[in-house]
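The values are calculated or read from the model by the stated rules, or taken from the named source; none is laboratory data. Please read all numbers here as calculations on a predicted model, not as lab measurements. Backbone-built Cβ (ideal geometry, glycine too); neighbour counts: all protein chains shown. The accessibility values were calculated without ligands, DNA or RNA, using every heavy atom of the protein model including side chains. Shrake-Rupley method; radii C 1.70, N 1.55, O 1.52, S 1.80 Å.
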Amino acid sequence: MMKLLSSEWLKTKRTAIRWFTFCMPAVYAALIIGYIALRGVDINTQVLVFQIFFEAWTAFVIPLDVGILSGFIVHQEELAGNFNGFLAAKVSRYKLYLGKFGLLFVTMTTSTLIATIVLCVGLNVFLGLLIDWQIFVASAILVVIGTIPLLALHLWASFAWGMGASIGISIGGLLMAALIGATGLGDKIWQFIPWAWPVRLAMLPGVYLQFMPDMQVTPESISSGFVLNQLATGLIAVAICLAVALVGGMVWFDKWEGRKFYE
């Protein structure tokens, strides 16, 4: 599997994928730091940073990024001989599919962690703001977990219908993430909307930022078990969707012979 991932990574040389993976997250974090520098630091700054950073990342960046990257890595194979060389490779179809999925997972995980680390370090170094990094990293991990089913769904769509379809779906996903994931409109249905999962899961650790050392009473959202209940609901939804989308995509791809207009 590592050889397959290495091979897939080599294909990204001199492409925008590496820019999306390494540069874009750092630029995004720098913009957040710049905004906080202009606004000024106060007692509520850490909570504000958390909300702005993760809501914008999960509701806007993730949906578009997943759609573009998924479509692009499949489009590369389409340009290189209409999938003929890719499908004729002496590797099982399941491994070929998992190689593409693994590349998406690695790039998305790397970009999310880079953005989070640059943000935490930058705020501390340039603004002297002490960040509760454990909570930020926990949210970053939950973002990655919530994004995995989207990677499987978009990869399947990219092979079936092409890059345009993947990007089109991501635009619809952006709207669902912003309306259902980031607002109260989706409180009762978010667990059924995959694009809302990264937003909802990412926000859960942020509740603990409200818990101050001098507090005598634990915030109700924590003491009532609301956070753990939401976490369990989200993880179950993610697991079910991932199993269906990934296994279904692999079974479909095993019999796929290219797009109809190539046949």
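Each residue of the range 23-35 was assigned a 3J(HN,Hα) from its phi angle through the Karplus expression (A = 6.51, B = -1.76, C = 1.60, θ = phi - 60°), giving 8, 4, x, 5, 5, 4, 5, 5, 5, 5, 4, x, 5 Hz with x at Gly and Pro. Per residue, the range 22-126 exposes 43 Å² of solvent-accessible protein surface, assessed with a 1.4 angstrom probe and all protein chains in place. The phi torsions of the range 167-180, fed into the Karplus equation with coefficients 6.51, -1.76 and 1.60 and a -60° offset, translate into couplings of 5, x, 5, 5, 5, x, x, 4, 5, 5, 5, 6, 8, 8 Hz, rounded to whole numbers, with Gly and Pro shown as x. Accessible surface area normalised per residue over the range 148-263 is 52 Å², counting heavy atoms of protein chains with a 1.4 Å rolling probe.
Stick to Cα atoms and the Kirkwood definition of Rh, then tell me Rg/Rh for the range 81-166. Before the final figure, lay out each step's value.
Working: Rg = 17.9 Å, Rh = 15.4 Å.
My calculation puts Rg/Rh at 1.17.
Of the trypsin sites (Lys or Arg not before Pro) in the range 66-136, which ones lie in a loop per DSSP and count no more than 10 other C-beta atoms within 10 Å? Walk me through the numbers before you get to the answer.
Details: sites: Lys90, Arg93, Lys95, Lys100; in loops: Lys90.
Filter output for the range 66-136: Lys90.
Diffusion coefficient (Stokes-Einstein, Kirkwood radius over C-alpha pairs, 20 °C, 1.002 mPa s) for the range 1-100: 131 µm²/s, rounded to a whole number.
Magnitude of the Cβ-charge dipole of the chain, K/R +1 and D/E -1, about the Cα centre, nearest 20 debye?
That gives a dipole near 940 debye.
An ellipsoid equivalent to the range 104-248, defined through the eigenvalues of its Cα gyration tensor, has semi-axes of 30, 20, 13 Å when rounded to whole angstrom and sorted largest first. Taking the centroid of alpha carbons for each part, the range 52-130 and the range 137-190 are 13 Å apart. Entry note, the chain: relative contact order of 28 percent, from Cα contacts under 8 Å with a spacing of 6+ residues.
Considering only protein heavy atoms and a 1.4 Å probe, what is the carbon-and-sulfur percentage of the accessible area of the chain? The partial results should precede the final answer.
Working: 9060 of 12960 Å².
Roughly 70 percent, rounded to a whole number.
If the Kirkwood radius is taken over C-alpha pairs of the chain, then at 37 °C and 0.692 mPa s the Stokes-Einstein diffusion coefficient equals 168 µm²/s. The lysines whose alpha-carbon is closer than 28 Å to the alpha-carbon of Lys255, local same-chain residues fewer than 8 away aside, are Lys3, Lys11, Lys90, Lys95, Lys100.
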